[in-house]
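The values are calculated or read from the model by the stated rules, or taken from the named source; none is laboratory data. Since this is a predicted model, take the numbers as computed values, not measurements. Note that each Cβ is placed from the backbone with ideal geometry, even for glycine, and that neighbours are counted across all protein chains shown. Accessible surface is based on the protein model in full, side chains and every heavy atom, while ligands, DNA and RNA are left aside. Shrake-Rupley method; radii C 1.70, N 1.55, O 1.52, S 1.80 Å.
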Amino acid sequence: IIRTASPERWSGFYLAIQTLAQLGLATMLGVMAASAPAGFALLGAVTLAGLAAIPWLPHAFDRLEVHDDAGRMPPARGVLALLGVLLYLAFVVSVWVYVEPLASGNGIDAQTIHLIAPIALGMQVVGAAAATWLAGRLPPRRLVATVAGINLGLLALMASASSTAIFVAAVAAFGFLWLFVMPFQIPLVIAADPSRRAAGLIGGAQLTGSSLGPFAAGLLVGDANVFPVLWFGAACAVMGVAIMIGASRRREGGEAV
């Protein structure tokens, strides 16, 4: 994806397909909820299907025209941009893993809470599809900053939703923005490191942030109060976006993003 002419568009395709698969598998596992062995058997079958596809994967990448030293470490700007990506995903996943206790803390009934995850997953698919359609038509830096501001507002709604509908709508919008903005982070990382070596490591930064974020958030919350995760998420979002935008700023003789 990083080696294509429109990486943000292909990233949107990838995220949409990936999330559709998650939604389908989650739905099937929900149907099998009464039979744990059947659920594990389904996961095993999906894993085997993935292994069966390995012979058709490419054995090597085409060489990029912009550089021919792919084995080298990214420059400092690229590493800084990756840190921004890491912090942003730490924000997203930290809040996501605590959505159900946040809903309970807002007095939302259990039946509605069970609907939140499928609704959010569906909105993630819509968000990735929207990113695919709008890729190349919106300024990435301004979009990433705008989405961060909207997310801060959504966190405020999750903290003190006056009704079930408001909380569910906030989580649905959160799910939409989650995958909508991720493809637009790629041009910022490429602007920070035009060699695209840093951009090739975005997946690792995302997964690391997705793991470290909930781990760190777990140190701040307790059984009786999970709302501090919203403050933690807000701090990670602000720092992550600030770092990404700062790392991608115009350099002398360079191009604007």
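Dividing the mean sequence gap of close Cα pairs (under 8 Å, 6+ apart) by how many residues the chain holds gives a relative contact order of 36 percent.
Rolling a 1.4 angstrom probe over the protein heavy atoms with all chains in place gives the stretch 105-195 an accessible area of 38 Å² per residue.
For the stretch 54-185, the share of accessible area belonging to carbon and sulfur comes to 66 percent (1.4 Å probe, ligands and nucleic acids excluded). How would the chain be classified by its alpha-carbon gyration tensor: rounded, prolate or oblate, with rounded meaning a/c under 1.5 and the a/b versus b/c comparison settling the rest? It comes out oblate by the Cα gyration axes. When each of the peptides 103-112, 154-163 is scored by the mean number of other C-beta atoms lying within 10 Å of its residues, the order from highest to lowest reads 154-163, 103-112. Reported to the nearest whole Å, the Cα centre-to-centre distance from the stretch 43-61 to the stretch 122-138 is 27.
Structure remark: mean-square fluctuation, Gaussian network model of the chain, C-alpha springs under 10 Å; the largest value among Ala237, Ala173, Ala199 belongs to Ala173. Relative to the longest principal axis of the Cα atoms of the chain, helix 164-192 runs at roughly 10 degrees. The sum of -39500 (n - 2.57) across all DSSP H runs of n ≥ 4, divided by the residue count of the chain, sets its helix-only mean residue ellipticity at 222 nm to -24500 deg cm²/dmol.
Model label points for Leu152 and Leu219, set 7 angstrom from Cα along the Cα-to-Cβ axis, are 2.5 nm apart. Electrostatic tally near Ser11: other residues with Cβ closer than 14 Å to its Cβ, Lys and Arg +1, Asp and Glu -1, net +2. If exposed means no more than 12 neighbouring beta carbons inside 10 Å and the site is in a DSSP loop, what's the longest run of the chain without any exposed trypsin sites (Lys or Arg not before Pro)? The answer is 138-249.
As a size descriptor, the averaged projected area of the C-alpha convex hull of the stretch 161-257 was calculated at 7.8 nm². Here the dipole of the chain is about 600 debye; that uses its Cα centre as origin and unit charges on the Cβ of Lys and Arg (positive) and Asp and Glu (negative).
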